[in-house]
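Take a look at the structure below.
The values are calculated or read from the model by the stated rules, or taken from the named source; none is laboratory data. Because the structure is predicted, anything quoted here is derived from the model rather than measured. Cβ: placed from backbone, ideal geometry, glycine included. Neighbour counts: every protein chain shown. Accessible surface is based on the protein model in full, side chains and every heavy atom, while ligands, DNA and RNA are left aside. Shrake-Rupley method; radii C 1.70, N 1.55, O 1.52, S 1.80 Å.
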Amino acid sequence: MKIYERNGDIVKEKEFNKYMSQDVWYHATTLVGWDSLCKQKVKADYNYGQQLDFGTGFYMCPKQKQAIDYIKRAVPYLDGANERNQIPVIVEFELNMSKLPQEFKGKTFLHYDLDFAEFVFKNRLDPETKIHDYDYVFGVMSDSVPEMLMAKYTYNELTMEEVLIQLTKWTSMSQICLNSQQLCDILKVRRAYILDADFKEMEELNANDYNKN
């Protein structure tokens, strides 16, 4: 197989250590999603069956802007019949990964290299099968075309090697996925707020609606 070269150090070691020691992580959703979180809490398997980089789990990002950019792109494709599903919400969760007990097993992908590409490929190829036993995975994230790449692979329009090459093309974003329910249960909401039509903070939601139970 072709030797792959790293396409960029998107997450430097110093930046990685900063992320893993910070106390807040961001999750983008809508008012419908917020209602569900308050009712059911964070579930590690809520997106079971979806094609995702790190498999079934609860995804967050280390920067507010990244979360806002994500929901800005997503809202036009959401069900418009429910008005609350068109209202973007950012949830700030309290979690310091560096203070977790050592019993939690994690994996990191700091580079867009072959290891990352193969891991994403396997997770996206068979989203209904758990291909790893990590409690959490932190790392870079594939760009906006992995679904198209996997579809072309399924229909024999691209080889596995061609898909892997595309998955090593880097963007400027990173993410964390909590794959363990035990880890999800640790989460507490620091803040939650509605974004206006310009995706600026508009209205504070009650964090205790999540934390009280």
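So here's what we get for this one:
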item: Every pair of residues 6+ apart whose Cβ atoms lie under 7 Å, when the first sits in the stretch 122-134 and is over 18 Å from PHE109 (Cα atoms) while the second is modelled with pLDDT under 95 and of a type in the set (A, V, I, L, M); result: LEU125/MET150; PRO127/LEU52
item: Identity of the residue in the stretch 135-155, within 14 Å of the chain's Cα centre (by Cα) and among the β-branched types (Val, Ile, Thr), that ends up nearest to GLY106 (Cα to Cα); result: VAL137
item: Any chance LYS65 is under 15 Å from the mean Cα position of the chain (by Cα) and open to solvent by 10 Å² or more (accessible area, probe 1.4 Å); result: yes
item: Residue list for the stretch 28-62, filter: part of a helix (DSSP H, G or I), open to solvent by less than 30 Å² (accessible area, probe 1.4 Å) and of a type in the set (Gly, Ala, Ser); result: GLY33
item: Residues (under 29 Å from LYS169 (Cα atoms), in a helix (DSSP H, G or I), open to solvent by less than 40 Å² (accessible area, probe 1.4 Å) and not charged (D, E, K, R)) located in the stretch 72-129; result: ALA74, VAL75, MET97, PHE116, ALA117, PHE119, VAL120, PHE121, ASN123
item: Residue within the stretch 38-59 that is closer than 21 Å to GLU201 by Cα, modelled with pLDDT of 95 or more and touching a helix residue (DSSP H, G or I) at 6+ places or on another chain (Cβ under 7 Å) present; result: yes
item: Selection from the stretch 138-163 of residues that are aromatic (Phe, Trp, Tyr), open to solvent by less than 80 Å² (accessible area, probe 1.4 Å) and over 26 Å from PRO62 (Cβ atoms); result: TYR153
item: Single residue of the stretch 1-24 satisfying the filter (open to solvent by 100 Å² or more (accessible area, probe 1.4 Å) and not in a loop (DSSP other than H, G, I, E, B)) that is modelled with the lowest pLDDT; result: GLU13
